[in-house]
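The values are calculated or read from the model by the stated rules, or taken from the named source; none is laboratory data. All of these numbers come straight from a predicted model, not from anything done at the bench. Counting neighbours? That spans all protein chains shown, and the Cβs are built from the backbone with ideal geometry, glycine included.
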Amino acid sequence: MHDNVMIIFITIAIVTITLLTAALLLASIVRRGWRGRMHRQLDDLRKTYRDGVRTAIASGDIANNEKKFRFKPGSRAWQAVEEVLQELMAAKRQTGEVKALFHRLGYVDYYENRLGHRNVLARASAIDKLGKMGCLLSTSRLVPLLDTNNPEILSVTVRALSRLRSKEGLVAIIVRLPNLLGKSLVTRKAMETALLNFGGEAIPYLTDYREDQSDPWILSCILEILSLLPPDPRSLSLAIKYLGSAHPEVRSKALKVIGSDGYAIPSQAADLTLPLLNDPVWFVRLQAVKSVRELTRESTAKVLEKLLFDENWRVRSEAALALTRIGSFAVDVFYNALKTKDVYAKESICEEIEKTLFSDWLIMHLSDDDKTLRAKCYEILRLMHVLGFSIPLTAYMQTGEDERVKQAVRHLLASGADR
Amino acid sequence: MREAVITFILGFNYFIGAYFGVMNTIYACLLVMSLFAILRHIQRIKYAPIGDFHASLQTPPVSILIPVHNEVNVVCKSVRAALACDYPLFEVIVINDGSQDDTLKTVIEKFRLKKIDRVYREFLETETVKGFYAGEETPNLLVIDKVQGGKSDALNCGINASRSPYFCSVDADSLLEIDALIRIMAPVLDSHVPVVACGGVVRVLNGVIVRDDVTIQEIELPKNRLVLFQIVEYLRGFLFGRVGWDALNSLLILSGTFSMFHKQTVIDSGGFSVGNVSEDMELIVRLHRHKRRQGKPYRIRFISDPICWTEVPINFKMLARQRRRWHLGLIQSIFENSEMLLRPRYGIIGMVVMPYYIFFEVIGPLIEVTGYFVVALSYAVGILSIKFLILFLILAILYGVFLSTAGVFLEEITYRRYPRWRHLFVLLLYGVFENFGYRQINSFWRLQAIVNFLTGRTHWEHVQHKGRRDEKGEHR
């Protein structure tokens, strides 16, 4: 009796699994056939409408031609025309006309209607399409979506608005920053990436935003975006204001703005930046070193000398890199630093000297008329050689032309071997 | 005495039945979860911000680490493929782990590298580094020559030399798809919870025709039957096994062939374990342990759209070595982190996933092989009818066929990388065939690994690679 029950049970299981396997087999085969047919049709349709749409746009008479491209929403022809228009948008060709066609052919209306769809994926897809279509009128339909609490919808909406690049969309995002970033509804990277799409137009809105907000994370996000946007006096003045912030992330990002390419650092900013080289937080010191790179002053060299022995290796390397850019001022600093016992610091210095080709500058000065400078350059190169950083010397021996320098290098290599 | 033996055999039969039932129920659940997860992921890819991340300065730099040991046949192709990645800022670090052949010389000559001086900080202890090589033509390529210490040691060396916040480990016999790096980084950039590791799909490179060492020109199925079995196996393992566990945030395995890690978290956890023959799995288990101890939120992700193609063994000898090593590594990883087992502090990993792995994956081959004998014995002593025996065998094989078909089906409804009708039928057919011999021999190799572990034979079994095909279809 018991065995019979087991046999019946196993038989049922076998039949079920057989049916399921057969269903999967059949589904795989049918789906492949169906999809293959669909893709072939779409390829043909795209080919047909690609030329048609281009000709219609080129003729400048969209109104009379649009009937040729109007199809039932969801049909293959409708999909093909949409893809052709998206291709033109992506190639940035006649975007004005393409946007108009998206509108006139009903794509914008169709996807705007889908914004109310119950399925999150369908809604997110519609938002994304509206962003790609670049129709500014959709901004007002997208902005209310920034008030939902679904992270997926919010991320896609922020991106779509950033593609539309409308002032209304930008303001809407900035106003909601506390909600979006504060509640971690949109990741900071995604927000920064999206806001960068607005380009320089975003600067006044971002700089004005600060007045009524004190959240350090939002402020640092704004400063980060400003550091990546084109240089602007408003950005610089905001950064200077926050150099003294109590929050290290804000100080660091303010320094990043000041150190961005294209800014001539005003003396006021320089005076505020230099003390941050002694900041208790390492990433602020690191950013401060990066920002003062362009300040080729003797006083800067002296401050940077201390950072060659910083507890953080990134700061040490960055300080060495900054010093290599200072040129002759740095020789004394390197000379003194390489005489110390801190091997970690000395290796960082040697690497940066070699990487930035400052070693070549040192080699060339081995024949300098200034005896003191010549002696210091020689000693720096000798200490580098002792630490195993000899490749510039051996390279010069192979390719260098100045016999006086070669003689000095030969002597240096020989003496270094006695380490 | 006879009665006691019969009682034992009977009891074992019931145990096998229950074991088989629970295991297949878990597989069925994973399959259903994977189906939904993959379909949702496919929809999401359509509006994923891959393009935005690609253009953004906010996308963090990544180091691609390629450990090599006697890989003269494949190393240059792998480096070229890695260098061709479409990613804003990345470096490729090749770690020559004491190769005795011309691996180092070949790379130096091919990419015109020169010896450079470079600071090397040993955050993770490794064997001695002999030198660094870089070149002007490929400024983002760094080659490290070091004393042999094994794959884990080479990876740790690469981590020490890396100056990016994330690194991606890639095997020397592999080829990354051009957008694989940006795709594998997408969860890191788009997640609210820190992603400390992320794995992508590994597919079988054998048979695939590659243009200029970089681009997949044509996907063909290989003629080698052993490789065809492995293709079906990889589809099943990656498209439903890992996707299913990922949905539960309980991944215990990411393939070292292609995975991305947060560097500082790996350093804080002690890096790759040098004594383990499956360093990728052990690291993932240890990352779970480290993060759960800290009590901070984290994710270890697996996503199905970044793709890396890799060469698989073409003969039984090499395949046996690989499978024994994988299983030995699994056992070592579980044992080395056994303190997590059944400890509520480690959440679902300690309470569900590790017991599952021990009960169904580690000792699975032992039970399976014992089961064959006991069922035969049951029939011999007359406690099992021939009808029951045949039905049970049919059920076991059919379920295997079902799972393989499901793997091919998932591939068909998602990425469809095998474009021809013939490919589909061959894969479906091999999904059936693999249950007649291939699966059993795999269980035997895994059983050997258990024996090796118990007898202390835990050395690394090296698998040789032949080199991939070029446009002319020739091995080089």
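Scanning region B:19-62 for residues that are outside any helix (DSSP H, G or I), surrounded by fewer than 17 Cβ atoms within 10 Å (Cβ to Cβ) and free of Cβ contacts under 8 Å to residues at least 24 places away in the same chain returns a single hit, B:46.
Going through (1) in a helix (DSSP H, G or I); (2) under 21 Å from residue B:27 (Cα atoms); (3) in contact (Cβ under 8 Å) with a residue 24 or more places away in the chain; (4) within 14 Å of chain A (Cβ to nearest Cβ) one by one, residue B:393 falls short only on (3). If the condition is being surrounded by 14 or more Cβ atoms within 10 Å (Cβ to Cβ) and farther than 17 Å from residue A:99 by Cβ, then region A:50-70 contributes A:50, A:52.
Looking at B:382, B:371, just one residue is part of a loop (DSSP other than H, G, I, E, B) and either among the aromatic types (Phe, Trp, Tyr) or farther than 15 Å from residue A:20 by Cβ (or both), and that residue is B:382.
Which count do you get for residues in region B:107-125 that are touching a Ser or Thr at 6+ places or on another chain (Cβ under 9 Å) and either closer than 22 Å to residue B:85 by Cβ or modelled with pLDDT of 95 or more (or both)? The number of residues fulfilling the criteria is 3. Restricting to region A:345-368, name every residue that is within 13 Å of chain B (Cβ to nearest Cβ) and either farther than 17 Å from residue A:328 by Cα or in a helix (DSSP H, G or I) (or both). Of everything in region A:345-368, those that are within 13 Å of chain B (Cβ to nearest Cβ) and either farther than 17 Å from residue A:328 by Cα or in a helix (DSSP H, G or I) (or both) turn out to be A:345, A:346, A:347, A:348, A:349, A:350, A:351, A:352, A:353, A:354, A:355, A:359.
Put simply, of A:11, A:48 the only residue that is among the hydroxyl-bearing types (Ser, Thr, Tyr) and within 14 Å of another protein chain (Cβ to nearest Cβ) is A:11.
Scanning region B:357-368 finds no residues that are within 19 Å of the chain's Cα centre (by Cα), in a loop (DSSP other than H, G, I, E, B) and more than 30 Å from residue B:189 (Cβ to Cβ).
Residue-level check: of (1) without any contact (Cβ under 8 Å) to a residue 12 or more places away in the chain; (2) part of a loop (DSSP other than H, G, I, E, B); (3) more than 11 Å from every other protein chain (Cβ to nearest Cβ), residue B:119 misses just (3). Can you tell me which residue in region A:196-209 is farthest from residue A:235 (Cα to Cα), limited to those that are more than 10 Å from every other protein chain (Cβ to nearest Cβ) and buried (at least 17 other Cβ atoms within 10 Å of the Cβ)? By that ranking, first place goes to A:198. Could you please give the count of residues in region A:92-124 that are part of a helix (DSSP H, G or I), of a type outside the set (A, V, I, L, M, F, W, C) and touching a helix residue (DSSP H, G or I) at 6+ places or on another chain (Cβ under 7 Å)? Looking only at that region, the number is 9. Yes or no: residue B:83 under 28 Å from residue A:384 (Cβ atoms) and away from chain A (no Cβ under 14 Å)? So residue B:83 does not fit the description; no.
Scanning region B:271-287 for residues that are touching a helix residue (DSSP H, G or I) at 6+ places or on another chain (Cβ under 7 Å) and assigned to a loop (DSSP other than H, G, I, E, B) returns B:271, B:272, B:273, B:274, B:276, B:277, B:278. Can we say residue B:65 is within 30 Å of residue B:149 (Cβ to Cβ), surrounded by fewer than 20 Cβ atoms within 10 Å (Cβ to Cβ), out of contact with any His (no Cβ under 7 Å at 6 or more places or on another chain) and hydrophobic (A, V, I, L, M, F, W, C)? In short, no. Those helices (runs of 4 or more DSSP H) of region A:132-189 in which at least 1 residues are more than 13 Å from chain B (Cβ to nearest Cβ) and within 17 Å of residue A:225 (Cβ to Cβ), considering only elements entirely within it, cover A:167-175, A:177-182. Among the residues of region A:369-419, how many are assigned to a loop (DSSP other than H, G, I, E, B) and either over 20 Å from residue A:331 (Cα atoms) or touching a residue at least 60 places away in the same chain (Cβ under 8 Å) (or both)? Residues meeting the conditions: 6.
One residue alone among B:86, B:171 is surrounded by fewer than 22 Cβ atoms within 10 Å (Cβ to Cβ) and within 22 Å of residue B:257 (Cα to Cα), and that residue is B:86. Count of region B:158-168 residues, restricted to those that are within 9 Å of residue B:263 (Cα to Cα) and part of a helix (DSSP H, G or I), is 1. Of all the criteria given as (1) buried (at least 16 other Cβ atoms within 10 Å of the Cβ); (2) more than 14 Å from chain A (Cβ to nearest Cβ), the one not satisfied by residue B:142 is (2).
For region B:215-224, filtering for residues that are more than 21 Å from the chain's Cα centre (by Cα) and not in a loop (DSSP other than H, G, I, E, B) leaves 3. Condition check for residue A:289 on (1) out of contact with any Gly (no Cβ under 7 Å at 6 or more places or on another chain); (2) over 26 Å from residue B:162 (Cα atoms); (3) away from chain B (no Cβ under 14 Å): one failure, at (2). Look at residue A:54 and say whether it is in contact (Cβ under 8 Å) with a residue 24 or more places away in the chain, more than 10 Å from chain B (Cβ to nearest Cβ) and charged (D, E, K, R). So residue A:54 fits the description; yes.
Every condition in (1) surrounded by fewer than 22 Cβ atoms within 10 Å (Cβ to Cβ); (2) without any contact (Cβ under 8 Å) to a residue 60 or more places away in the chain; (3) farther than 30 Å from residue B:80 by Cβ holds for residue B:320 except the one numbered (2). Screening residue B:73 with (1) at pLDDT 90 or above; (2) buried (at least 20 other Cβ atoms within 10 Å of the Cβ) gives one miss only, at (1). For region A:75-116, enumerate the residues that are farther than 23 Å from residue A:141 by Cα and charged (D, E, K, R). A:76, A:87, A:92, A:93, listed by residue number.
The residues of region A:294-345 that are under 27 Å from the mean Cα position of the chain (by Cα) and modelled with pLDDT under 80, listed by number, are A:294, A:295, A:325. Selection over region B:396-436 of residues that are under 23 Å from the mean Cα position of the chain (by Cα) and assigned to a loop (DSSP other than H, G, I, E, B) gives a count of 7.
Within region A:389-419, the set of residues being surrounded by fewer than 17 Cβ atoms within 10 Å (Cβ to Cβ) and closer than 17 Å to residue A:339 by Cβ comprises A:415, A:419. Note on region A:346-373: among residues that are touching a Lys or Arg at 6+ places or on another chain (Cβ under 7 Å) and under 13 Å from residue B:117 (Cβ atoms), the one that is surrounded by the fewest Cβ atoms within 10 Å (Cβ to Cβ) is A:351.
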